[in-house]
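Take a look at the structure below.
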Amino acid sequence: MGFLAGKRALIVGVASDRSIAWGIAEAMAREGAELAYTYQNDKLKERVTELAEQTNSRLVLPLDVAEDTEIDAVFSRLSAEWDRIDIIAHSVAFAPREQLSGSYVDTVTRDGFRLAQDISSYSFVALAKAARRMLRPGSSLITVSYLAAVRTIPNYNVMGPAKASLEANVRFMASDLGPSGIRVNCISAGPIKTLAAAGIGGMRIMLHYMEKTAPLRRGVTVQEVGNAAAFLCSDLATGITGEVLYVDGGYHVIGMSPE
Ligand code: NAD
């Protein structure tokens, strides 16, 4: 029996089989969780439905996290199927592409900044807010961040402040929901080739640099991120909340490249 047997998990952020959310879904399904999925728009519906079927899930719901009505609709629909939610995995981010390369100061705009914060950070607490009545002691929320929350990374630009805000969100949510027995954690993943990552300038160079520099001398996979997420959301991790766990081959501990 897997270590998530009997748990019900909502997976938000699958766009393809390369998505980090898919790595999380596969790991959680393997460990026995029952899954529901959301998809951002009609273009992704079929692909997400097919992937969901691979984990025996038929609960696949539309959700643009910018829309409160869609967030509410997801939890009303889920409450008709499930009496509780044990896990919410949030693996969503967005910033306008033109702001993800070049000079930060020159390219950032008020609207771009606001949008990145809204979709990539606020949406995590928005999900918790709407799911509140279905969360129970033992429920666990997880999101995905990146090192640019705490260090500058070329081209990541406006997503840096968005990830910093997301990690602060994790701490505030953990503090607020902890007395109710609900845990909130974050994984800071190393760079992985996904659709979202393709929008960031110089991604190939970043991956190559990581392979040469990280203590493990390689990149990480969505499976490795998924396994860590499954652990953090399981009863093996009941003492952990408000944490940012790095799954990056140790890259974040390096102060200077060995070469
Ligand atoms: P991805 O493109 O597979 O996933 C991003 C998801 O965000 C997609 O499913 C997309 O539909 C969803 N999304 C964007 N705007 C949305 C909206 N308005 N409503 C609902 N969904 C929306 O890419 P990914 O790399 O798997 O990204 C998942 C998370 O991992 C993001 O938070 C990203 O910042 C983070 N992350 C990625 C890397 C990396 O190198 N790939 C590294 C660290 C952190």
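Observations, loosely collected:
- For the chain, with +1 on Lys and Arg beta carbons and -1 on Asp and Glu, the positive-most of Ala9, Pro96, Gly201 along the dipole: Gly201
- The range 8-147: Cα Rg divided by the 2.2 N^0.38 Å rule of thumb: 1.08
- Length gained when the stretch Lys45-Leu195 is fully extended (0.36 nm per residue, less Cα-Cα span): 52.4 nm
- Charge dipole magnitude, Cβ of K and R +1, D and E -1 - the chain, Cα centre, debye nearest 20: 320 debye
- Listed residue (Val253, Gly112, Thr143) projecting farthest to the positive dipole end of the chain, Cβ model: Val253
- Once the Cα atoms are used to define both axes, helix 20-30 deviates from the longest principal axis of the chain by about 40 degrees.
- Counting only Cβ charges, +1 for Lys and Arg and -1 for Asp and Glu, the dipole size of the range 124-259 around its Cα centre is about 280 debye.
- Rounded to the nearest 10 degrees, the inclination of helix 42-54 to the longest alpha-carbon principal axis of the chain is 70 degrees.
- Surface/4 estimate of mean projected area, convex hull on alpha-carbon atoms of the range 8-246, nm²: 12.3 nm²
- Sum of side-chain charges, Pro161 neighbourhood, beta-carbon under 13 Å (Lys, Arg +1; Asp, Glu -1): +2
- Judged by the mean number of other Cβ atoms found within 10 Å, the most tightly packed of the peptides 225-238, 176-189 leads the ranking 225-238, 176-189.
- Furthest towards positive pole of dipole, Cys233, Trp82, Asn157, structure part the range 8-246, Cβ charges: Asn157
- Counted charge near Arg77, where neighbours are those whose Cβ lies closer than 13 Å (Asp, Glu -1; Lys, Arg +1): -2
No value in this document is a laboratory result; all are computed from the given coordinates. Remember, it's a predicted structure, so these values are computed and weren't measured experimentally. Glycine gets a Cβ as well: all are built from the backbone with ideal geometry, and neighbour counts include every protein chain shown.
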